[in-house]
Amino acid sequence: MERVRERLNMNAIQVIPVNWYLLLSAVLFTIGVLGVLFRRNAIIIFMSVELMLNAVNLLLVAFSTYLSDSAGQVFVFFIMAVAAAEVAVGLAILMSVYRNTMSTDINILSKLKG
Amino acid sequence: MITQYIFYFLSFLAIMFGLMVVLSKNPIHSVLYLVLTFFAIAGHYVLLNAQFLAAVHIIVYAGAIMVLFLFVIMLLNLNKETEPHKNVWLKLSAAVAAGLLLVVMVGSLKNAEMIAATNTFDPSVGLIENLGKTLFGEFLLPFEVASLLLLGAMVGAVLLGKKSIK
């Protein structure tokens, strides 16, 4: 155990400023936003939302390690559970949309306005 | 020193594959690039000493969620030909809007003041022992609520997936 602890002492957060993780997460989040705005395929939009969630996860882990507080990493577990639930229900909704319209284009959903 | 190079490399991979997710024409390629992005992020987790979280991230995202995406894309038989496209002006305005968001975020975060870490640095915080103690101690109620959420999602997905509800 002591050897493991010693090897783990080489930690990224001691060498890399936490600001860089902030910037990396901002860039990844923006890529997710770009995907939501840029594409019309609903599945790609879902994947962009996953990318945004992961940007936030990365930032939570970075701050959790920086502050040596494990609560941040537990939050990441909850975000993963919510993401899994969201994808399951979202893809089921998408399947039923496809069954009715034979397309995953989100513009077709504007018919829902009635 | 080598840690910094690994950080640069993983960040480059994550950003490049993330862009490829958005820009590639074929939905299947998008899914595969997203898996590579998740692997790069898992590498970041290992770099940050969150080994258990890295393993869970690979299992849940690359193993479960992405397989679900691939299943649906193959079931619906989506490919390059069926891919809908926005017109050029909408794409341009989307890129401008996202670029402006990036400028605002980078501008506000660039000179953010560093908060000083209050407690002393503990390298074992990401190990399963500490995470379990926090998860089943301080966060026991949210943990139980998450199980309810998953049950609800399962029931909802089965109900929506059925052919017709009589």
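No value in this document is a laboratory result; all are computed from the given coordinates. Computed from a prediction, not measured in an experiment: that's the story for all the values here. FYI the Cβ positions are ideal-geometry reconstructions off the backbone, even for glycines, and counts take in every protein chain you see.
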### Query
Dividing the alpha-carbon Rg of the protein assembly as shown by 2.2 N^0.38 Å yields what?
1.07
### Message
Using Cβ contacts closer than 10 Å as the measure, can you line up A:R39, A:R99 from fewest to most?
### Response
A:R99, A:R39
### Query
Out of every Cα-Cα pair in the range A:2-103, what percent are more than 19 Å apart?
57 percent
### Query
Once you put a point 7 Å from the Cα of B:V88 and another 7 Å from the Cα of B:M114, both along the Cβ direction, what distance in nm separates them?
4.7 nm
### Query
What nm value, rounded to one decimal, do you get for the distance between B:M1 and A:V56 when each label is placed 7 Å out toward the C-beta?
4.0 nm
### Task
Mind sorting B:L102, B:L150, B:L131 by how few other Cβ atoms lie within 10 Å of their own Cβ, fewest first?
B:L150, B:L102, B:L131
### Axial C-alpha extent at least 20 Å, average Kyte-Doolittle at least 1.0 - helices from chain B (DSSP)
B:2-23, B:27-47, B:88-110, B:140-161
### Whole-number Å³ per residue for the convex hull built on Cα positions in chain B
197 Å³
### Query
Using the Cα gyration tensor of the range B:9-79, with a ≥ b ≥ c the square roots of its eigenvalues, what is the shape: rounded (a/c below 1.5), prolate (a/b larger than b/c) or oblate (neither)?
oblate
### Message
Run the simple label-point estimate for B:K80 and B:L150 please: 7 Å along Cα→C-beta, distance reported in nm.
### Response
4.0 nm
### Task
Using R₀ = 25 Å, calculate the FRET efficiency as 1/(1 + (r/R₀)^6) where r is the Cβ-Cβ separation of A:I93 and B:Q51; round to 0.05.
0.10
### Query
Dividing the convex hull volume of the Cα atoms of the range B:40-82 by its residue count, what figure in Å³ per residue is obtained?
54 Å³
### Task
Would you kindly derive the ³J(HN,Hα) couplings of the range A:38-45 from the backbone phi angles with the Karplus curve 6.51 cos²θ - 1.76 cosθ + 1.60 (θ = phi - 60°), listing them in order in whole Hz, with x for Gly and Pro?
8, 9, 10, 6, 5, 5, 5, 5
### Query
Ranking B:T134, A:T65, B:T120 by Cβ neighbours within 10 Å, fewest first, what do you get?
B:T120, B:T134, A:T65
### Message
Rg over Rh of the range B:122-166, using C-alpha atoms and the Kirkwood radius, what does it come to?
### Response
1.32
## Note on the structure
Any trypsin sites (Lys or Arg not before Pro) in the range B:13-99 that lie in a DSSP loop and have at most 13 other Cβ atoms within 10 Å would be B:K25, B:K80
